[in-house]
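What follows draws every value from the coordinates through simple rules; no lab data is involved. This is a predicted model, so every value here is computed, not measured. Because the Cβ atoms are built from the backbone with ideal geometry, glycine has one as well, and the counts that use them run over all protein chains shown.
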Amino acid sequence: MMKNLLQIILMLFYISCSDSDKIHDSKSESQTDSVIYNYEDSKIIEDYINGKNDSLNYDTYIYYLDGTQELAAKTRNGKREGDWIYYYNNGNKKWVETYEAGIPIDTTYCYYNSGILKRKVVPSTSYHRLAFEYDSNSVLREVYYLYAPSEDEFYADSIYKSYYKNGQLKSVGALDCGYKNGNWRYFDDKGQLTIEKNESGTKEQFIVF
């Protein structure tokens with residue numbers, strides 16, 4: 001369970017918003033239905049709601065070595081529940097997402113270390129969610145549909161658009177599970193079409209989060 005949790009955290013946390021795999025140092029159990037995992041660069045505490053025999057219901061807290069909080073999260077019936085909030089070690093929020101029975105039910109927000117909004121993803125009833133990317137000066141950079149078939153797979157999918165800092169469209173095309181598909185159009189910063197070509201088969205994959 002912890003291995004899966006760490007894989008999810010590394011995918012969502014460090015790729016998106018990087019670092020080597022954490023080395024397990026020690027594990028200790030208290031009398032208060034808590035398990036503490038000590039790692040090379042963090043500490044993880046799991047508080048079990050109904051005792052340690054119930055591995056499906058617990059609260060997770062991760063701390064940096066200096067004691068500042070990195071993550072506060074709830075798992076109920078084996079699924080993410082409520083607010084999952086990640087923090088930078090300066091205390092600013094890095095990622096905020098709200099779940100109900102493992103499904104995101106509210107807009108997801110991702111921030112730069114400075115606290116400026118980096119990405120927001122609008123919830124949807126399907127696996128496709130509309131995402132907006134901003135640069136560090138709060139200028140819209142990209143708009144695309146996010147395809148998330150599972151908790152640890154996130155791809156840009158369907159229509160993708162990128163923008164210049166002046167707001168002009170830079171490129172537009174279709175993505176299929178992160179890969180370019182069909183005709184793509186590219187523009188200069190004055191809005192003039194410069195290139196139009198079939199990008200099907202392009203090996204570069206747009207993987208986000």
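General observations
- Between K197 and I36, the modelled label-to-label distance comes to 5.8 nm, taking each label 7 Å out from Cα in the direction of the beta carbon.
- Between the C-alpha center of the stretch 56-82 and that of the stretch 90-122 there is a gap of 15 Å.
- Residue-span extension gain [D188 to D83] - 0.36 nm each, minus C-alpha spacing: 33.7 nm
- Efficiency of FRET from Cβ geometry, S138 and Y61, R₀ 35 Å, rounded to 0.05: 0.70
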